[in-house]
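Quick note: the coordinates plus some simple rules give every number you see, no bench work behind them. These figures come from a predicted structure and were not determined experimentally. Reconstructed Cβ throughout: ideal geometry from the backbone, glycine too, with neighbour counts over all protein chains shown.
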Amino acid sequence: MNVTLADGLVLLQSRLPPAAQRELWASCRELAEGPVPMYTPTVRGGRKMSVGMLCLGKHWNALTYQYEDRRSDFDSLPAPPIPPRFAAIATAAAADAGFTIQPDICIMNHYAAGAKMGVHQDNDERPETIAEGVPIVSVSLGDEARVVVGGLSRRDPTFPVMLKSGDVIVMGGPSRLRYHGVTRILAGTAPQGTGPGRFNLTFRQW
Ligand code: SIN
Ligand code: MN
């Protein structure tokens, strides 16, 4: 079921059937343990994030907040390519929500029980792409998450959105720069063949 939460903010519930969730989960695990492994980024100021991260297509540098081909804030390995079937999920979901995206970045985050992500804006992509409202497409797998979404100012009130395995949320147009964060992982809620924990894939166009 597709729910428009605000102009440009569309939640595609149960977008991925269980078999696709399991297949995508297995691919994420394989990538996470592959030659360019998932790692825990250290952000500006020296704090470690609570998620494991693996960037595909281009690497998001947690110290400079810029994209680069090699992860120079960690081990200088090149960002692996985005598997075409991953990108196809994002383009189709975006189209269903009324948007066009040519994803060249996919940030894969793994949340164990207790992991969170502070409220932030996704604004490290090209200014032109952001101005055009090209969406961020976010795919959830495994444990359910409580996400909060706010407005375009950090001071705007936030509202909670529960994201289950197989859900996709699209943030484009006037919602492209909404503040958002992850406040809680509901441990033990992952469907069979996914989990433990949660993978989130955010597809972006640089
Ligand atoms: C993110 O904002 O990068 C991740 C959002 C999520 O995990 O749902
Ligand atoms: Mn984000």
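Assuming Ser76 fulfils every condition listed in (1) surrounded by fewer than 21 Cβ atoms within 10 Å (Cβ to Cβ); (2) over 17 Å from the mean Cα position of the chain (by Cα); (3) closer than 20 Å to Cys28 by Cα; (4) not β-branched (Val, Ile, Thr) apart from one, which condition is it? Checking Ser76 against (1) surrounded by fewer than 21 Cβ atoms within 10 Å (Cβ to Cβ); (2) over 17 Å from the mean Cα position of the chain (by Cα); (3) closer than 20 Å to Cys28 by Cα; (4) not β-branched (Val, Ile, Thr), the one that fails is (3). Summed over the stretch 185-206, the residues that are on the phi < 0 side of the Ramachandran plot and more than 16 Å from ligand 2 (Cβ to nearest atom) give a count of 8.
When the residues of the stretch 1-13 are filtered to those that are surrounded by fewer than 14 Cβ atoms within 10 Å (Cβ to Cβ) and out of contact with any helix residue (DSSP H, G or I) (no Cβ under 9 Å at 6 or more places or on another chain), the one that is nearest to Ser165 (Cα to Cα) is Met1. Does Thr158 count as away from ligand 2 (no atom under 13 Å from the Cβ), over 23 Å from Asn61 (Cβ atoms) and among the hydroxyl-bearing types (Ser, Thr, Tyr)? Yes. Every condition in (1) within 16 Å of ligand 2 (Cβ to nearest atom); (2) more than 13 Å from Leu177 (Cα to Cα); (3) not hydroxyl-bearing (Ser, Thr, Tyr) holds for Ala112 except the one numbered (1).
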